[in-house]
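Colleague: Here you go, one structure.
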Amino acid sequence: MQPKIATGEDENKVKSELEELVSSGWQLDKNEVQVAKTYHLASYRNVKFLSLEIMSRSQLKNHHPVLTTTVSSVTVHWTTHNPPGLTEKDTLMAKYCDNVAEIIGTVDPEESKKCGSAQSQI
Ligand SMILES: C[C@H](O)[C@H](O)[C@H]1CNC2=NC(N)=NC(=O)C2=N1
């Protein structure tokens with residue numbers, strides 16, 4: 001694991017937080033300059049709840065994710081643009097996402113509804 005930590009950060013702190021995140025299902029991607037995770041949810045209603053909580057928090061903190069939603073999943077990417085790299089803002093927001101997802105409750109990918117399936121109702 002060779003994450004790109006932004007200049008000016010406490011490198012050891014951010015790295016150890018990233019290790020914790022990776023052990024709880026986050027992945028480093030885009031040349032290890034981003035962390036990403038997909039949450040699978042039981043309903044579109046829960047997709048909406050989780051997205052809205054993440055968006056509200058990111059508005060408050062002025063730190064915004066790339067958020068991709070499907071009928072049954074939310075994928076979140078965090079990085080910092082200036083200075084470029086991973087920062088404590090990213091790790092804090094990632095942990096926030098995990099906390100909210102735990103409260104809402106996630107499901108295994110196989111249990112989540114697929115778009116177009118007979119069960120796929122909001
Ligand atoms: C000017 C403003 O503070 C910046 O553009 C903020 C906004 N939101 C941001 N969000 C994220 N994820 N990374 C950033 O570097 C960032 N920068």
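Each value in this text was obtained by applying a stated rule to the coordinates, not by laboratory testing. All of these numbers come straight from a predicted model, not from anything done at the bench. Counting neighbours? That spans all protein chains shown, and the Cβs are built from the backbone with ideal geometry, glycine included.
Colleague: Taking springs between alpha-carbon atoms closer than 10 angstrom, which of L52, L28, L18 fluctuates most in the Gaussian network model of the chain?
Modeller: L52
Colleague: Enter the angle in degrees (range 0 to 90, nearest 10) between the Cα long axis of helix 44-61 and the first principal axis of the Cα atoms of the chain, meaning the one along which they spread out most.
Modeller: Result, in degrees: 30.
Colleague: Still on this model: I'd like to know which of Q34, L67, W78 lies farthest towards the positive end of the charge dipole of the chain, counting +1 on Cβ of Lys and Arg and -1 on Cβ of Asp and Glu.
Modeller: Toward the positive end, the furthest listed residue is L67.
Colleague: Efficiency by 1/(1 + (r/R0)^6): what FRET value for M1 and K95, r their Cβ-Cβ distance, R0 = 25 Å, to the nearest 0.05?
Modeller: Once rounded, the FRET efficiency stands at 0.90.
Colleague: Treat each spin label as a single point 7 Å out from the Cα along the C-beta direction, and report the Q27 to I103 distance in nm.
Modeller: 2.8 nm
Colleague: Using the structure shown, list the pairs from K15/K48; K30/K114; K15/K37; K4/K48; K48/K113 with a Cα-Cα distance above 22 Å, or answer none.
Modeller: Result: K15/K48; K30/K114; K4/K48 exceed 22 Å.
Colleague: Leaving out same-chain residues fewer than 8 places away, which aspartates and glutamates sit with a Cα under 17 Å from that of K61?
Modeller: E53, E88, D90, D98
Colleague: Any idea what diffusion coefficient the stretch 11-111 gets from Stokes-Einstein, in µm²/s, Kirkwood Rh on alpha carbon pairs, 4 °C, 1.567 mPa s?
Modeller: Rounded to a whole number, D works out at 95 µm²/s.
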